[in-house]
Amino acid sequence: MCCLCNVLLTLLIEIISMQYYHFIKQVLLKQSMVDSLKEGFMLNTKGYRILIVGAGVIGSVYALRFAQSGLDVTILARGKRLKTLQREGLKYNVCGTNKQISIKTIETLDDVDIYDFIFVSVRYDQSEAALSAIQHNRSKTIVTLTNTIGYELWLNIVGDRLLPGFPGAGGDIKEDVLYAQFGSEKHQGTIFGEIDGQITERVKELAQLFKSVGLHYEVQKDIQAFHISHTALAIVNKHFYTDDGMVSLEKARSESILIKIATAIKHNIHLIEQAGIPVIPPETKAMGELPNNDIISRYRHMLSNDFIIDVKLGNHAISQKAEIMLLDQMFQSMFNSRGGLL
């Protein structure tokens, strides 16, 4: 009987030992997975120093995402916006709740203050001044996140450090609070690419940066064609402006305004196609082939969404007037009576 007890006790000890062994193994495995995830996260984000030039809607929303992802991010800002960021941090709204995050700011950039990426997120009419302000800094890559139809002016200022791009976000700032969001679809991500279409190491690194913070992106091999195509759509917003601001929402939805927009979209896209320039992306090209009534219907649908209303008619849109008017003038002068590119 004692012998049987000893056998049973031995078996029990072995069973408990096996269970304990598997338990410890699972704990260690889970810890290893957690450590690997942490290590992977750190590998994806550690070491990047980011400077955002401009603290408007676009600069603020990118700075917010980078900061929330653990990146070393600084905003170069001026005037009232700089003082607000220094005093109150970056305030933003999430699902109706205002929140705040502390963020580093500077007013001027030292030549030897080196960043992995400098993002210039100002309006086109401010881009020359913004790039001139950082011209002598020794950082190697300057990413522009704004409208344009060409790069000669920018290249004359910062040379081959220029990496043209376009933001994948939109929104507004109301009473110093950011109301903005990134595109939820892949084709709505941040667009960027080398002017010559090459997939360089810095393009790959920038793609990895966006991937590490969970943002959609697209490497565009014909970035100038994309910028020209987007400008063709952006400049039709001139029909929403009045001498002292924006038209009312009711007026913006009216037939008289939207027929002008539909006609202008088709005309602008036709000019690009006549010049032999690819219309990018396909969704923009398709706009040029739609009947006017379909374009009008789409705009009316967009102008039933509060977020789109803010983007098209809000404070950010009002501040864009100088940019839109300048781009419109440049776009129209780019194409001459020959239907070609000047």
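The values are calculated or read from the model by the stated rules, or taken from the named source; none is laboratory data. Computed from a prediction, not measured in an experiment: that's the story for all the values here. Cβ placement follows ideal geometry from the backbone for every residue including glycine, while neighbour counts extend to all protein chains displayed. With ligands, DNA and RNA removed, areas are computed over all heavy atoms of the protein, side chains included. Shrake-Rupley method; radii C 1.70, N 1.55, O 1.52, S 1.80 Å.
Criterion applied to Ser132, Ser139, Ser127 was being small (Gly, Ala, Ser) and either outside any helix (DSSP H, G or I) or under 23 Å from Ala67 (Cα atoms) (or both), and the one residue passing it is Ser139.
For the range 227-240, give me each residue that is open to solvent by less than 30 Å² (accessible area, probe 1.4 Å) and closer than 25 Å to Gly314 by Cβ. Of everything in the range 227-240, those that are open to solvent by less than 30 Å² (accessible area, probe 1.4 Å) and closer than 25 Å to Gly314 by Cβ turn out to be His227, Ser229, Thr231, Ala232, Ala234, Ile235, Val236, Asn237, Phe240.
Within the range 93-121, the set of residues being under 21 Å from the mean Cα position of the chain (by Cα) and of a type outside the set (A, V, I, L, M, F, W, C) comprises Asn93, Lys99, Gln100, Ser102, Lys104, Thr105, Tyr115, Asp116, Ser121. Taken over the range 89-105, the criterion of being touching an Asp or Glu at 6+ places or on another chain (Cβ under 9 Å) and closer than 23 Å to Ser319 by Cα is satisfied by Lys91 alone. Tell me, please, whether a residue that is surrounded by 15 or more Cβ atoms within 10 Å (Cβ to Cβ), without any contact (Cβ under 8 Å) to a residue 24 or more places away in the chain and in contact with a Phe, Trp or Tyr (Cβ under 6 Å, 6 or more places away or on another chain) can be found in the range 210-221. Yes - at least one qualifying residue is present in the range 210-221.
For Thr144, the test of being in contact with a Phe, Trp or Tyr (Cβ under 8 Å, 6 or more places away or on another chain), part of a loop (DSSP other than H, G, I, E, B) and touching a residue at least 12 places away in the same chain (Cβ under 8 Å) is failed. Out of curiosity, is Gln208 in a helix (DSSP H, G or I) and within 30 Å of Arg138 (Cβ to Cβ)? For Gln208, the condition - in a helix (DSSP H, G or I) and within 30 Å of Arg138 (Cβ to Cβ) - is met. Reported count of residues in the range 241-274, each being open to solvent by less than 20 Å² (accessible area, probe 1.4 Å) and modelled with pLDDT under 95, is 1. Exactly one residue among Arg138, Arg161 is at pLDDT 95 or above and within 16 Å of Thr108 (Cα to Cα), and that residue is Arg138. Annotation for the range 194-208: at least one member residue is in contact (Cβ under 8 Å) with a residue 60 or more places away in the chain and under 17 Å from Ser121 (Cβ atoms). Cβ separations smaller than 9 Å between residues 6+ apart or across chains give the following pairs from the range 240-268 residues that are in contact (Cβ under 8 Å) with a residue 24 or more places away in the chain to residues that are part of a helix (DSSP H, G or I) and acidic (Asp, Glu): Ala262/Asp294. Would you check which residues across the range 52-105 are among the β-branched types (Val, Ile, Thr) and surrounded by fewer than 13 Cβ atoms within 10 Å (Cβ to Cβ) and list them? If the condition is that a residue be among the β-branched types (Val, Ile, Thr) and surrounded by fewer than 13 Cβ atoms within 10 Å (Cβ to Cβ), then Val94, Thr97, Ile101 are the ones that fit. Can you find a residue that is in contact (Cβ under 8 Å) with a residue 24 or more places away in the chain and under 17 Å from Gly150 (Cα atoms) anywhere in the range 292-305? For the range 292-305, residues in contact (Cβ under 8 Å) with a residue 24 or more places away in the chain and under 17 Å from Gly150 (Cα atoms): absent. Pairing residues of the range 272-287 that are under 16 Å from Lys186 (Cα atoms) with residues that are charged (D, E, K, R) and open to solvent by 30 Å² or more (accessible area, probe 1.4 Å), at Cβ distances under 9 Å and at least 6 apart in sequence or on separate chains, gives Ile280/Asp222; Pro281/Glu218.
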